[in-house]
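One structure below.
Just so you know, all these numbers are worked out from the coordinates, no wet-lab data involved. Since this is a predicted model, take the numbers as computed values, not measurements. Cβ atoms come from the backbone with ideal geometry, glycine included; neighbour counts cover every protein chain shown.
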């Protein structure tokens, strides 16, 4: 959706509330993640895709989520997302910090930020 990396996901990531039942589908392949509170509701934007309203997270939240799920998608993908979002001026430092704290990855991202932001 955001075209932050050169990687093509092989599954659709879907966020659902913690106690919700995951949908059962054969296609497309889904990766279900569960959140609650602000992690579930903050930073959601609505976009139209083929005339259908789709709720997605904003750029800064997507970058933070890449770091949160770095063990599933690869640290290289998370780094590329951060670099591209910053290079293209799609995110601000304040937004990155806010969503890194919300996703509890600030301590992971902090040592990486300075080298990326100076490029």
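When both bridge partners sit in region 12-117, DSSP labels roughly 50% of those beta bridges antiparallel. An oblate overall shape is assigned to region 47-91, the ratio a/c of its alpha-carbon gyration tensor axes (a ≥ b ≥ c) being 1.5 or greater and a/b not exceeding b/c. With springs connecting C-alpha atoms under 10 Å apart, model the chain as a Gaussian network and identify which of 93, 25, 72 has the largest mean-square fluctuation. It is 25.
Normalised by the number of residues in the chain, the average gap of Cα pairs under 8 Å and 6 or more apart makes the relative contact order 22 percent. Per-peptide packing, taken as the mean over residues of other Cβ atoms within 10 Å, places 27-40, 52-65, 99-112 in the sequence 52-65, 99-112, 27-40 from highest down.
Look at 68, 89 and count the other Cβ atoms within 10 Å of each Cβ; fewest to most, that gives 89, 68.
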